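Please treat every number below as a calculation from the coordinates, not as lab data. The model shown is predicted, which means the values in this text are computed figures rather than measured ones. Because the Cβ atoms are built from the backbone with ideal geometry, glycine has one as well, and the counts that use them run over all protein chains shown.
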Amino acid sequence: MAKKYGETQRRIIAFVHEYKVDPENNGFSPTYREIADELECALSTAYNTVQRIVARNRPGRPCELDLDDKGRIVVPNFKGEIVKPDEKKLRQSLEHL
């Protein structure tokens, strides 16, 4: 059984998902600096934590975050639907992490 994500990893995944669906961001993902600012942590912590999340990606396992060919953070299977999320539904959808 796969180990659940740690607190910092869950916070980063939630922030990236919220950021992408925010209409002001036009579907783009946040930068590592924006993640670090949101979590009030060092830039290296944000970078290393995203790298650990991506390293967990395996065939047959749900993939929360990935990197594109230029190293930018992407959310696999993101359909481009940009809507303001219902906070309660977002938390419920991320509880499995």
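Annotations
- With K and R counted +1 and D and E -1, the other residues having a Cβ less than 13 Å from that of C41 yield a net charge of -3.
- Length gained when the stretch R72-D37 is fully extended (0.36 nm per residue, less Cα-Cα span): 10.9 nm
- Sorting the segments 65-71, 11-17, 42-48 by their residues' average number of neighbouring beta-carbon atoms within 10 angstrom, most packed first, yields 11-17, 42-48, 65-71.
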